[in-house]
1. Could you please find all residues in the range 23-73 being acidic (Asp, Glu) and over 24 Å from residue 92 (Cα atoms)?
2. Got a number for residues in the range 33-63 being in a helix (DSSP H, G or I) and open to solvent by less than 80 Å² (accessible area, probe 1.4 Å)?
3. Taking the range 64-108 only, how many residues are assigned to a helix (DSSP H, G or I) and within 30 Å of residue 51 (Cα to Cα)?
4. Output the number of residues of the range 56-98 satisfying the condition of being within 30 Å of residue 22 (Cα to Cα) and of a type outside the set (Val, Ile, Thr).
5. Which residues, counting only those in the range 89-99, are open to solvent by 40 Å² or more (accessible area, probe 1.4 Å) and more than 8 Å from the chain's Cα centre (by Cα)?
6. If residue 41 passes every condition in (1) in contact with a Lys or Arg (Cβ under 9 Å, 6 or more places away or on another chain); (2) modelled with pLDDT under 95 but one, which one does it miss?
Amino acid sequence: MSALPAPRPALAVPAIPPKYVLYLQARLLEAEASLAAMTGRYERTKARFDRCYARQGITPEADIVNYISAKTMNPELKFWYSKVEHFQREVAAYGSALTGLEAARRMLGEDGHRVQVENGRVRNSRRGLNRAS
């Protein structure tokens, strides 16, 4: 009588703490709200800048060279635009972290074990890509 091999122990995958996911979601909401606020501030500042220089006859349509020069020299526009970029990066970071956690949860399954793939489905491999057809 042959002995059956012992079943392999499942890989221990640490569960993602729900508080961490809630923290990331809260930070994402904060970053989105801040992005909206900073975008509004930048747009108001740019509108004020555009009105000021339009009175002098410097508009993108009339004098693009001087308009761009004035815009690059304006410290307030640079400041608010850097704030907008900062919060865009934060939104992207928190959003991608949450997306990655969700993808890992789906891939590993709720209980931490890998989800079985359908038998008929073949995964792409490098060998398959190098084959001449």
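The values are calculated or read from the model by the stated rules, or taken from the named source; none is laboratory data. What you are looking at is a predicted structure, and each value in this text was computed from that prediction instead of being measured. Glycine also receives a Cβ, built like all others from the backbone with ideal geometry; neighbour counts cover every protein chain displayed. Each accessible area value is taken on the protein alone, full model and side chains, heavy atoms only, with ligands, DNA and RNA left out. Shrake-Rupley method; radii C 1.70, N 1.55, O 1.52, S 1.80 Å.
1. Looking only at the range 23-73, we keep the residues that are acidic (Asp, Glu), and these are 30, 32, 43, 50, 61, 63.
The answer is 50, 61, 63.
2. So in the range 33-63, the residues in a helix (DSSP H, G or I) come out as 33-55.
When the remaining residues are screened for being open to solvent by less than 80 Å² (accessible area, probe 1.4 Å), the result is 33-40, 42, 45-47, 49-50, 52-54.
Selection size over the range 33-63: 17.
3. Quick first cut of the range 64-108, residues assigned to a helix (DSSP H, G or I) only: 64-73, 75-108.
Filter once more, so that each one left must be within 30 Å of residue 51 (Cα to Cα): 64-73, 75-89.
Result for the range 64-108: 25.
4. Looking only at the range 56-98, we keep the residues that are within 30 Å of residue 22 (Cα to Cα), and these are 80-98.
Filter once more, keeping what is of a type outside the set (Val, Ile, Thr): 80-83, 85-90, 92-98.
Here the count works out to 17.
5. If the condition is that a residue be open to solvent by 40 Å² or more (accessible area, probe 1.4 Å) and more than 8 Å from the chain's Cα centre (by Cα), then 99 is the only one that fits.
6. (2)
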